[in-house]
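Asks: First the structure, which I've put down as structure tokens, then a few questions once you've had a look.
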Amino acid sequence: MLILAFDTATELATSALVADGEVLGERVSRASTLLEDVDALLRRGGAHAGDLEALAVGIGPGSFTGVRVGLATARALALALDVPAAGISTLDALAAGAPGALPVIDARRREVFVSQDGPRVLAPDDVRPAPGTLCVGNGAVRYRAVLEQAGAVVPPDEDERHLPRARFHAALAREFGPAELVEPLYLRVPDADRTVS
């Protein structure tokens, strides 16, 4: 099965073209260049858009705008190409790239998204990794000092495991269906919906 996978929930967008588990190409860029990345991946993989059989898209948690860009792109491509889609948690993709690690995504506002007793939003000081736990993701990089003080191990900033690689989205995708049914994973109310007191 030829799967196009991408995630735009964090500040770095990742995309991959995967055929029957084999990665034909990968890119790391920004959400604003996602369609350019898709075109480059198809050309590099010797495929055409009509060859795609499914999409795997990151559903967050992460940047509200980033998640919406990814979902809107997935819905548009799925409609245009008549292919099914599967939504994959960005936290799950990070965990797949670093088995046994605690994924930590920067949620801004001095908070992080973590997979700790389920997906949650916490203050960095409230993340309680077991001593020696590996923490990965852009939140782990940003709050390295706090997490290391709590006993966690955070790889160097440039370590590959900090990226929610789209190849893991493709590997985790199991249930494909209509793209319009793929829902975002929001763990808090977007800033635009907050009421002023």
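Asks: Lys/Arg Cβ at +1, Asp/Glu Cβ at -1, dipole of the chain taken about the Cα centre: which of 145, 10, 32 is farthest positive-ward?
Replies: 145
Asks: Here's something else I'd like to know. Can you pull the Rg over Rh of the range 91-160, Cα-only, Kirkwood? Let's see the in-between values first.
Replies: Numbers: Rg = 10.4 Å, Rh = 11.5 Å.
Checking Rg against Rh, the ratio lands at 0.90.
Asks: Which cross-chain or sequence-distant (5 or more) residues have an amide H under 5 Å from the amide H of residue 137, H modelled 1.01 Å from N in plane?
Replies: Here 104, 162 satisfy the definition.
Asks: Hey, another quick one. Loop only by DSSP, 15 or fewer other Cβ within 10 Å of the Cβ. Give me the GluC sites (Glu not before Pro) in the range 1-87 that pass, ordered by residue number.
Replies: Hits after loop and neighbour filter: 11, 53.
Asks: Got a sec? How would 68, 109 order by Cβ neighbour count within 10 Å, fewest to most? Show your work: numbers first, answer last.
Replies: Working: 68 16, 109 10.
Fewest-to-most ranking of 68, 109: 109, 68.
Asks: Rounded to two decimals, what is the ratio between the C-alpha radius of gyration of the chain and 2.2 N^0.38 Å?
Replies: Details: Rg = 16.7 Å, N = 197, 2.2 N^0.38 = 16.4 Å.
For the chain, the normalised Cα radius of gyration comes out at 1.02.
Asks: Also, quick follow-up: How high is the relative contact order of the range 91-160, in percent, with contacts defined as C-alpha pairs under 8 Å that are six or more residues apart?
Replies: Working: 124 pairs, mean separation 19.8, N = 70.
So the answer I get is 28 percent.
Asks: In deg cm²/dmol, rounded to 500, what helix-only [θ] at 222 nm does the chain give when every DSSP H run of at least 4 residues adds -39500 (n - 2.57) and the total is split over its residues?
Replies: Values: 6 runs with 55 residues, N = 197.
-8000 deg cm²/dmol, from helical runs alone.
Asks: Can you tell me, using C-alpha contacts under 8 Å and at least 6 residues apart, the relative contact order of the range 1-127 as a whole percent?
Replies: Values: 241 pairs, mean separation 25.9, N = 127.
So the answer I get is 20 percent.
Asks: If you average 1/r over all unlike Cα pairs in the range 1-108 and invert the result, what Kirkwood radius do you get in angstrom?
Replies: On the way: mean 1/r = 0.0721 Å⁻¹.
The Cα-based Kirkwood calculation yields 13.9 Å.
Bear in mind these aren't lab numbers, they're just calculated from the coordinates by the rules spelled out. Here the structure is a predicted model, which means the values were calculated and not measured. Every residue, glycine among them, receives a Cβ derived from its backbone with ideal geometry; neighbour counts consider all protein chains shown.
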